[in-house]
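Taking it in order: structure first as structure tokens, then the write-up.
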Amino acid sequence: MTNLSPNNLTNSDNGLYPYQIRDLNRLFAEVNFAEQAAGQRLLYQLPTGAGKTRIFSEIVKRYMGTIDGDVVVLTHRLELCAQTHRQLSKQGVRCKVISGVVSSLRKTTSAYCYVSMVETMKNRIKAGKFNTASVGLLIVDEAHHNSFAKLISKFPHACVIGVTATPLSSDPSLPLKKTYDKIVIGEPIEQLIENGYLAKPRYYSYEVELNSLATGVRGDFTMQSSDALYSSQAMLELLLHACQQHAKGLKTLIFNTGVFSSVKVQQFLAEAGLPVKHIDHKTPSEERTEILKWFRKTKSAILTSVSMLTTGFDEPSVNCVILYRATTSLTLYHQMIGRGSRIKSGKKHFTIIDLGNNEERFGPWQQSINWQESFDYPELYTSLYSPSQSAGDKMNVNLRQKFPNSLYIDFDVQQAYNEALEMNRKPRYVISQSIHQHALMCLDNSNDIPSALLLSKDLKDVVKYRVKQYGKCLGKVTRSYLQWLAEDYILRLSELIERLGKKRWMGNLTEPLAAA
């Protein structure tokens, strides 16, 4: 029998990394299986690619070597069942996958481990074909999905351990702290990269105008509005440009919001001569198997997908991840990027191409996150990355009250650009018009030059928005050029406020500024 007491694992344990050994000892310290552990519910966090399946397989192995009780591992996808079964078998654990084709389970006198999709297990329990009373340990893989919450109560004598890379419930109304008593937090991404356990990311971010995206009831961008944006010719051309510049020859995963845009991606890139295939939840099982086999064997393969490869897809040869979508979900952001972070021989880096302003919204994938805080106060993290209601030139409700004396505060950059072309003026005339309007707004709502300059600082986000709109009018412009243009805009705005302010308050301006 194997003793499950803390600090029993050492570096000599075959196939375990030092940080995995530390985490296993911490988990065993929290749950003493040798005593009555039923009813305990523990959540374990570890980044994608760091070996969560390996760790809970070790827990199952040692539990079954000590306690005479059955084990159930719940997953939410069939592919995860197969992956888990392989890992458990590799560790010498006797296990069986409960699938829809297995009508009955062979009764055994000794302990057994069962791997099942959550829906399959629900059906078995409802039909009276599975005895949950014999289960002493329940492992919940990808616990953030939280579709397992009601099912957990069906295992009255089991200790429950949920594992996830991102301990934020996919259902904000059912936070994980309502299901689990405590969280154990594993090695952070930065440390795993530094010690060579995860690949280091290279970022390439493109500024994308997302004003056309609508948000759904749970706060993320809707599939319909995302499909409309990302199937547009302009976005497809930007994607092709990004692939040619930063993903040439790299095995690449492209993540989309909807099937329509993903199919458009496949068609557009294929027409450009790139080796690309599409996969989604409706792809037939045999075809899906063939596509994934092709992807693994093809060096520079591109796979565009929807809701299929964000969890449980273990392919270390992926060198590039393209976020061809925007999301407000921190969990999804980490799950997508994590698909490229696994190391293999000769792979120390991987590429991230962001076409949804996601890095701007969440920060770099590898930066530290206070997962304990997200577990204790999930409401802070479900609202933190929601789209700003004051961003952009047409969302200035909060700004409006600071300019009560200005009749007009909006400015249609596209219309101004078209009018400039019709008048044979240079495009920069549009920026000059915009600066002049902002200067008048600041002066009309101030009593002196210092207060007008101070008020102009509140226009920073609006300036950024207008500059981005101007960049879209010009076509392909660099991010550095737009950044310089925004800085130049602010400088010219301050100069114009001072110049016009001196005329106004020195009595040299005969016409009222609001009419200018």
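Values quoted throughout were computed directly from the atomic coordinates according to the rules given, and no laboratory measurement underlies them. As the structure is a prediction and not an experimental result, all values here were calculated from the model. Virtual Cβ from ideal backbone geometry, glycine too; neighbours counted across all protein chains shown.
Annotations
- Here the extension length gained between residue 448 and residue 90 equals 121.3 nm, from 0.36 nm per residue of separation less the Cα-Cα distance.
- Distant-in-sequence amide contacts of residue 182, defined by a placed amide H-H separation under 5 Å and a gap of 5 or more residues or a different chain, comprise 43.
- Distance between the stretch 223-254 and the stretch 327-380 - C-alpha centres, whole angstrom: 19 Å
- Across the options 21, 53, 92, the greatest Cα extent toward the positive end of the charge dipole of the stretch 18-188 (unit charges at beta carbon of Lys, Arg, Asp, Glu) belongs to 92.
- Of (1) 1.07; (2) 0.97; (3) 1.00, the label for Rg/Rh (Cα atoms, Kirkwood Rh) derived from the coordinates: (1)
- Mean-position separation - Cα centroids, the stretch 22-87 and the stretch 161-219, in angstrom: 21 Å
- For the stretch 278-330, chymotrypsin sites (Phe, Trp or Tyr not before Pro) are listed when DSSP marks them as loop and at most 12 other Cβ atoms sit within 10 Å of their Cβ; the list is empty.
- Helix 460-474 axis, angle to the chain major axis (alpha carbon atoms, nearest 10°): 90 degrees
- The alpha carbon gyration tensor of the stretch 199-360 gives principal lengths a ≥ b ≥ c with a/c below 1.5, which makes the shape rounded.
- Projecting the Cα atoms of 452, 482, 416 onto the dipole axis of the stretch 397-515, where Lys and Arg carry +1 and Asp and Glu carry -1 at the beta carbon, places 482 farthest toward the positive end.
- Cα-based helix-to-principal-axis angle, 479-505 vs the chain, degrees rounded to 10: 40 degrees
- Candidate aspartates and glutamates for bridging to residue 502, where Cα separation is under 16 Å - those fewer than 8 sequence places away on the same chain excluded: 444, 448, 511
- Antiparallel content of DSSP bridges confined to the chain, in %, to 5: 5 percent
- Aspartates and glutamates whose Cα lies under 19 Å from that of residue 200, excluding same-chain neighbours fewer than 8 positions away: 187, 190, 314, 315, 354, 359, 360
- Between the helical axis of 259-271 and the longest alpha-carbon principal axis of the chain there is an angle of about 80 degrees.
- Dipole magnitude for the stretch 199-360: about 880 debye, using +1 per Lys or Arg Cβ and -1 per Asp or Glu Cβ, origin at the Cα centre.
- Too-long pairs where the Cα-Cα distance tops 32 Å, listed order kept, from 52/293; 90/251; 460/503; 348/457: 348/457
- For the chain, size of Cβ-based charge dipole, Lys and Arg +1, Asp and Glu -1, in debye: 1400 debye
- The stretch 203-294: GluC sites (Glu not before Pro) in DSSP loop, at most 16 other beta carbons within 10 Å: 209
- Overall form of the stretch 62-193 per C-alpha gyration tensor (a/c, 1.5; a/b vs b/c): prolate
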